[in-house]
1. Tell me, what is a quarter of the convex hull surface for the C-alpha atoms of region 73-131, in nm² with one decimal?
2. What FRET efficiency would be calculated for the residue pair residue 103, residue 131, taking the C-beta separation as r and a Förster radius of 22 Å, to the nearest 0.05?
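We did not get these values from a lab; they are worked out from the coordinates using the rules stated. Note that the coordinates shown come from a computational prediction; the quantities given were computed from them, not determined experimentally. Cβ placement follows ideal geometry from the backbone for every residue including glycine, while neighbour counts extend to all protein chains displayed.
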């Protein structure tokens, strides 16, 4: 097993934290605290066992998880009033509004949380909030 070296002071004086800080070390020389990376030289063909636990294997994304399930109000766009200015798109914190050249503002209800910001910033009041029907 290779000895781990502190990335700050380059000393081999690391102490593993116990308890809530599992997987972290403290350098007894300089006091730096960081993640514990145990390295072992592996020979070709040698098998090593790696225990996986609480490891995120891919970045999270709400594209896979529809996030609008708790919405109480939903925005409805009056396409005749919409001037396609894009202000609602710019202010939407969920990025669920697209501006179509013909229809105007189009809302993706799979991700809209119903906060009503779009209706408040619309300069022509083309968006109104209505009670969600399930």
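1. On the way: hull surface 13.5 nm².
Mean shadow area of the hull around the Cα atoms is 3.4 nm².
2. E between residue 103 and residue 131, to the nearest 0.05, is 0.40.
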